[in-house]
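Enquirer: Below is the structure I would like to discuss, written out as structure tokens.
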Amino acid sequence: MRATTRFRELLREPGIIVVPGAYDALTARIVEGEGFSSVYMTGAGTSVARLGYPDLALATMTEMVGAAAAITSTVDIPVIADADTGYGGVLNVQRTIREYERTGVAAVHIEDQESPKRCGHLDGKSVVAPDEMVRKIMSAVDARTDDDFTIIVRTDALAVTGWDDTLRRCEAYVEAGADVLFVEALREPDQVEWLARNFDVPLLYNYVETGKSPLLSAPELERMGFKIALFPVSALLVVTRAVTRLMHELKANGTTAHLLDDMAGLLECFETVGLSEMLELDAHYAG
């Protein structure tokens, strides 16, 4: 079954979809290995981990598509990918959709920030006019060749133009063809519940541990009526702190022997990315 079709099935099945973020193939394999049904290619994580830049629209479409391709070639579960603003006007959006489709991702999200965009939980954002975003959504819908390819539409208007404009945008975006709605940086549980009561399309909640939104658990979000709980940077934030601590200890002590309990074994690390399966395959062809 195509990943796009499987993800559509997940959207139709009962229960919330918990989707951890991965910033590279290793973290994607760990997500899959722990039994999650989908994985998210985080734009912030891609920018930070692959390029060494903050999430300020410095990653290009080509770099993001390459990151998505690395992940889809590594896991069998559906991948949701960050496609930022679509990387330009309506023609750019169409190319973006086609390029992401070729990687094998099941879904992308595009947003209504002005370029250059920034992380949705940073201040100083600006958004395009609603009719401009509507045209982008329509062009994205027209560009896909697989009807099961899911187009998630994100609005950052709440922090810029307020709640009423956000709701008007959501209505317009659904009418333009959004398969899933993603309202970034919700501030209050009442806003979360209101969205679920008033929109029939699946809703995505962005769970950013040190961001602006309340830290509502997946079961809470499911009770409120949300369909997707995205945990985009959990792994990235943990790894940043853990590796910083490791380097501090190494610099101070000249050894890491006292940190072995915090480390995977070398074979465990290799097994995470398929050592046994590859050795078996090698042996098969060796005769």
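Enquirer: Taking the alpha carbon gyration tensor of the chain, what are the square roots of 5 times its eigenvalues, largest first, to the nearest whole Å?
Expert: 33, 23, 19
Enquirer: Determine the gain in length on full extension of the stretch Ala283-Val201; use 0.36 nm per residue of separation and subtract their C-alpha separation, reporting nm with one decimal. Present the calculation step by step, with values, prior to reporting the outcome.
Expert: Numbers: separation 82, 0.36 × 82 = 29.52 nm, distance 4.92 nm.
Answer, rounded to one decimal: 24.6 nm.
Enquirer: Now a separate question. I'd like the FRET efficiency for Asp164 and Leu91, computed as 1/(1 + (r/R0)^6) with the beta carbon distance as r and R0 of 25 Å, rounded to 0.05.
Expert: On the way: r = 31 Å, r/R0 = 1.26.
For R0 = 25 Å, the calculated efficiency reads 0.20.
Enquirer: Restricting the count to DSSP beta bridges whose residues both fall in the chain, what percent are antiparallel, rounded to a multiple of 5?
Expert: 5
Enquirer: If you put +1 on each Lys and Arg Cβ and -1 on each Asp and Glu Cβ, how big is the dipole of segment 165-217 around its Cα centre, in Debye rounded to 20?
Expert: Dipole size: approximately 100 debye.
Enquirer: Please list, by residue number, everything in segment 7-26 whose backbone N is under 20 Å from a paramagnetic label point 7 Å out along Cα→Cβ of Leu259.
Expert: 26
Enquirer: Compute the distance in nm between two label points, each set 7 Å from the Cα along the Cα-to-Cβ direction, one at Asp190 and one at Ala242.
Expert: Here the answer is 4.0 nm between the modelled labels.
Enquirer: Can you give the charge dipole size of the chain about its Cα centre, rounded to the nearest 20 debye, using +1 on the beta carbon of Lys and Arg and -1 on the beta carbon of Asp and Glu? Show your work: numbers first, answer last.
Expert: Details: 26 positive and 44 negative charges, 97 e Å.
In debye, rounded to 20, the chain gives about 460.
Enquirer: Give the angle, between 0 and 90 degrees and rounded to the nearest 10, that separates the Cα long axis of helix 130-143 from the longest principal axis of the Cα atoms of the chain.
Expert: Between helix and principal axis, roughly 60 degrees.
Enquirer: Only Cα pairs within less than 10 Å get springs; with that Gaussian network setup on the chain, which residue of Val239, Val141, Val18 has the largest fluctuation?
Expert: Highest fluctuation among the options: Val239.
Enquirer: On a 0 to 90° scale, report how tilted helix 189-198 is relative to the longest principal axis of the chain, with both axes built from alpha carbons and the result rounded to the nearest 10.
Expert: 60
Enquirer: Let me ask something additional. Can you pull out the GluC sites (Glu not before Pro) in segment 137-184 that DSSP calls coil and that have at most 16 other Cβ atoms within 10 Å?
Expert: Of the GluC sites (Glu not before Pro), not one in the loops of segment 137-184 has a Cβ with at most 16 other Cβ atoms within 10 Å.
Enquirer: Residue by residue through segment 269-286, what is 3J(HN,Hα) from phi via Karplus (6.51 cos²θ - 1.76 cosθ + 1.60, θ = phi - 60°)? Round to whole Hz and write x for glycine and proline.
Expert: For segment 269-286, the Karplus-derived couplings read 4, 5, 5, 4, 10, x, 4, 4, 4, 5, 5, 4, 5, 4, 5, 4, 7, 6 Hz, x marking Gly and Pro.
Enquirer: Let me ask another. To the nearest 20 Debye, how big is the dipole of segment 96-249 about its Cα centre, given +1 on the beta carbon of each Lys and Arg and -1 on that of each Asp and Glu?
Expert: The dipole of segment 96-249 has a size of about 500 debye.
Enquirer: Expected output is a single nm value to one decimal: the length gained when fully extending between Ser217 and Glu9, i.e. 0.36 nm times separation in residues minus the C-alpha distance. What is it?
Expert: Extra length available between Ser217 and Glu9 comes to 72.6 nm.
Enquirer: Quickly estimate the mean residue ellipticity at 222 nm for the chain, helices only: each DSSP H run with n ≥ 4 gives -39500 (n - 2.57), and the total goes over all residues, rounded to 500.
Expert: My calculation for the chain gives -14000 deg cm²/dmol from helical runs alone.
Enquirer: Relative to the longest principal axis of the chain, what angle (0 to 90°, nearest 10) does the C-alpha long axis of helix 3-12 take?
Expert: The answer is roughly 60 degrees.
Bear in mind these aren't lab numbers, they're just calculated from the coordinates by the rules spelled out. Since we're looking at a predicted model, the values are computed, not measured. Please note: Cβ atoms are built from the backbone with ideal geometry, for glycine as well, and neighbour counts cover all protein chains shown.
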